[in-house]
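This report refers to the structure that appears directly beneath it.
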Amino acid sequence: MDLYIEKLEPFYERGKPFSTLILRALSGIALMAHGYPKILDMQANIELVEKLGFYPGAVWSPALSVSEFGAGLLLLLGLLTRLAASAGFVILSVVAYYHWIFVGEGYAGAEKAIIWASICLYFVFHGASRYSLDHALGREL
């Protein structure tokens, strides 16, 4: 696509990896922040996950804890980024469902989860960028 001001192209191209790094790091930190309390007490959400239909809760609650915190850490590092983003997307999609449908808060209640799920989906398809461990290792999923 042609730019209206073509002289801006180098600026945009130089900024792409940095903007991707910032978005990925902030996404990872956000997932870790939400997952950290769950890591401290992995059995705390048994009742919640069972109400959502995930049985047995004693298995799904720790899985949620590890997935949320672990996906955040991997996103922050840019390691196994597509896998981590896939896990984040699934988790946040369930959170959006929980708020929108299960709790009945509609879009207003699910909005943040939808936005964060969309960010994770971006990384599923785009990968981590130049400033990541995936790039340093020369491998991605």
- Can you find even one residue in segment 57-64 that is surrounded by 18 or more Cβ atoms within 10 Å (Cβ to Cβ), aromatic (Phe, Trp, Tyr) and either within 20 Å of Phe89 (Cα to Cα) or touching a His at 6+ places or on another chain (Cβ under 7 Å) (or both)? yes
- Message: Yes or no: segment 2-24 includes at least one residue that is part of a helix (DSSP H, G or I), in contact with a helix residue (DSSP H, G or I) (Cβ under 9 Å, 6 or more places away or on another chain) and polar (S, T, N, Q).
- Response: yes
- Query: Name the residues in segment 102-136 that are in contact (Cβ under 8 Å) with a residue 40 or more places away in the chain and more than 16 Å from Arg24 (Cα to Cα), would you?
  - Reply: Phe102
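Counting residues that are at pLDDT 95 or above, under 17 Å from the mean Cα position of the chain (by Cα) and not aliphatic (A, V, I, L, M), which helices (runs of 4 or more DSSP H) fully inside segment 35-141 reach at least 1? Steps first, answer last, please.
Working: elements: 46-51, 57-77, 81-97, 106-126, 133-137.
The qualifying helices (runs of 4 or more DSSP H) are 57-77, 81-97, 106-126, 133-137.
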- Of all residues in segment 79-121 being crowded, with 16+ Cβ neighbours inside 10 Å and among the hydroxyl-bearing types (Ser, Thr, Tyr), the one that is farthest from Arg14 (Cα to Cα): Tyr98
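The values are calculated or read from the model by the stated rules, or taken from the named source; none is laboratory data. What you see is a predicted model, and the numbers here were worked out from it, not measured in a lab. Positions of Cβ are generated from backbone atoms using ideal geometry, with glycine treated the same way; all protein chains shown enter the neighbour counts.
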